[in-house]
Each structure stands twice: as C-alpha cells, then as structure tokens.
Amino acid sequence: MLFRRLDFLDALRGLAIVWMTAYHLCFDLNHFGYLRQDFYADPLWTWQRTAIVTLFLFTAGLGQSVAVDRRQAWARFWRRWAQVAGAALLVSAGSYAMYPQSFIYFGVLHGLAVMLVIVRLTAGWGRWLWLLGGTAISLKFLADGAHALWPALDFLNHKALNWLGLVSRKPITEDYVPLIPWLVVMWWGMAAGNWVQRQRPHWLAPQAKTDFAALKVLAGLGRWSLSYYLLHQPVLIGALMGLGALKQAWPFLP
C-alpha cells in the first residue's frame, strides 16, 4: 500500500541533511589542511554534531510514529531496516579505508538500525515513552558514578559492549552514537509524533501546500536522506582530493 509523503517531516529531515553537509564539508576541509579546527573538543563543533544527530534521530522517531499509525506492515519495516543496516556496513568499510585506527563501528546508522527495532517494538507503550526516555538519560549519569565506584565495570568500555553507551570514556572512533543516551531522542520523537497525530494532525498533513521554495527543496532532500547520507561524503572528499591534485599539478593555484 502506498502512502502520500509528509512534507513537514521530510523538510525536517532535509534540514538535518543540509546542516550535516555543511558540517562535514568543514570537517573535510580540516582533514585536508584547509582549516585548523578541533572537531573533537571545540564546543562550536561538538555541539553542532550533537544537534545534527538529535534532529536526525528525532525525525526517525516521528517517522516511526506515522508508520505505526498507518499500520505499516512488518515486511515493509524490515525492508527499510535492511537498507539502513546495509548502509551502516558500507560506512564502516569506507571509514576503515580512511581512518583504520578510528573507523566507525557504531555510528549514527548503526545506532539507528538497533534503535528502530526497539522503538518499533515499544510503539504501543503510549505516554510511558516519555518516562522511558527520562530513564535512558538517568542511566547515562548513573553509569558515570558506577564506574567511579566499581572499577570492575571497565568491561563496559570494550568494543563488544560500548555500543550500549554505559561507558566511562569515549572510544576512539570517528562517529559514536550508542543506545544510551541516544535512544531517548527516538523514544521522544515517537511520543511527540503520537501527540501531534492526536492533538495537531494538520502539522503532519501530507503534501502540505507551501509557497516557500526552500521548504520544497528541503522536503525533496528529505525523501532521499539515506542515499544522500551515503553519497555526500565520497563526493565531498573526492572533490577536495581533486582540488589537491590540481594544486600539485599547477602550484600557482590559490
């Protein structure tokens, strides 16, 4: 069964895509020496990354709320899930080629694949999703204290378990989106979607009419978010590598 697209939801996802592209362009410029920024410690960049991931996961939670409301079949869910999981494996392979010592083994797509299943299975829990989100946040702070009290919990920092997020130190990886605390964002996205569909259904009206060209462009991008996510970094990196090759061939270029 085909459903009409939701422009507002697609536009939110498109906004995250544009922001992510700008962030990654700056990151790549830094990697190739055109910028001198600390993307791992400077709040200017770390907070942007947090905001971008939050927007992506929140819209994913909203999307699952809509899917459940439309009685999306599990077969269709698993087809989409397989695309996300496959894309996560491609990200791991690509990042290993560029950053073998800090490749991405549980980044945003890996986390999304796991969280999609959890959120779908708990979709019928209604307002309890807000409480579950609060519990997920509290677990992060409890884990910090528990590690200080019981050093034996260091096993939670190992790769086999650090995807849970109950760690005392961030692992060495280019992207890290563990279940705790990020699951809260998707749970609250689902809960917010449930509320909107009950109280403000017009906010998610399909194919909403708008005179703003920018919103139409964002919605268009949002409909192809996974493909765009996979392609944008190879394109950006390839362009910068091409620019570097041109500068070597013609040193007079700025």
### Query
Can you pull out the residues in the stretch 222-240 that are farther than 24 Å from ALA60 by Cα and either of a type in the set (A, V, I, L, M) or within 15 Å of the chain's Cα centre (by Cα) (or both)?
VAL235, LEU236, ILE237, ALA239, LEU240
### Task
Determine whether the stretch 94-102 contains at least one residue that is assigned to a helix (DSSP H, G or I) and free of Cβ contacts under 8 Å to residues at least 24 places away in the same chain.
yes
#### Entry: Selection count, the stretch 14-38, where residues are touching a helix residue (DSSP H, G or I) at 6+ places or on another chain (Cβ under 7 Å), under 19 Å from LEU109 (Cβ atoms) and not aliphatic (A, V, I, L, M)
6
### Task
Would you point out which residue out of GLY189, GLY222, GLY238 is modelled with pLDDT of 90 or more, small (Gly, Ala, Ser) and under 18 Å from LEU109 (Cα atoms)?
GLY189
### Summary
In the set ALA191, ALA146, the lone residue that is surrounded by 13 or more Cβ atoms within 10 Å (Cβ to Cβ), in a helix (DSSP H, G or I), without any contact (Cβ under 8 Å) to a residue 60 or more places away in the chain and among the hydrophobic types (A, V, I, L, M, F, W, C) is ALA146
### Query
Within the stretch 215-246, which residues are closer than 9 Å to GLY14 by Cα and of a type in the set (Ser, Thr, Tyr)?
SER225
#### Entry: Qualifying positions in the stretch 70-84 - farther than 13 Å from TYR229 by Cα and under 15 Å from the mean Cα position of the chain (by Cα)
TRP81
### Task
Those residues that are of a type in the set (Lys, Arg) and either farther than 19 Å from VAL108 by Cβ or out of contact with any strand residue (DSSP E or B) (no Cβ under 8 Å at 6 or more places or on another chain) (or both), I need them from the stretch 136-171; list them, please.
LYS140, LYS159, ARG169
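Criterion first (basic (Lys, Arg), closer than 28 Å to ARG200 by Cβ and not in a helix (DSSP H, G or I)) does ARG80 satisfy it? Before you say what the answer is, go through the steps one by one.
Values: basic (Lys, Arg): yes; closer than 28 Å to ARG200 by Cβ: yes; not in a helix (DSSP H, G or I): no.
Taking the combined requirement at face value, the residue does not satisfy it.
Filter the stretch 149-163 down to the residues that are part of a helix (DSSP H, G or I) and either in contact (Cβ under 8 Å) with a residue 40 or more places away in the chain or surrounded by 12 or more Cβ atoms within 10 Å (Cβ to Cβ) (or both) and list them by number.
Within the stretch 149-163, LEU153, ASP154, LEU156, ASN157, ASN162, TRP163 meet the criteria.
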#### Entry: Single condition GLU174 does not satisfy, out of (1) in a loop (DSSP other than H, G, I, E, B); (2) over 24 Å from GLY124 (Cβ atoms); (3) at pLDDT below 85
(3)
### Query
Only one residue in GLY61, GLY107, GLY111 is buried (at least 17 other Cβ atoms within 10 Å of the Cβ) and in contact with an Asp or Glu (Cβ under 6 Å, 6 or more places away or on another chain). Which one?
GLY107
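The values are calculated or read from the model by the stated rules, or taken from the named source; none is laboratory data. This is a predicted model, so every value here is computed, not measured. Quick reminder, even Gly has a Cβ in these numbers, built from the backbone with ideal geometry, and neighbours come from all protein chains shown.
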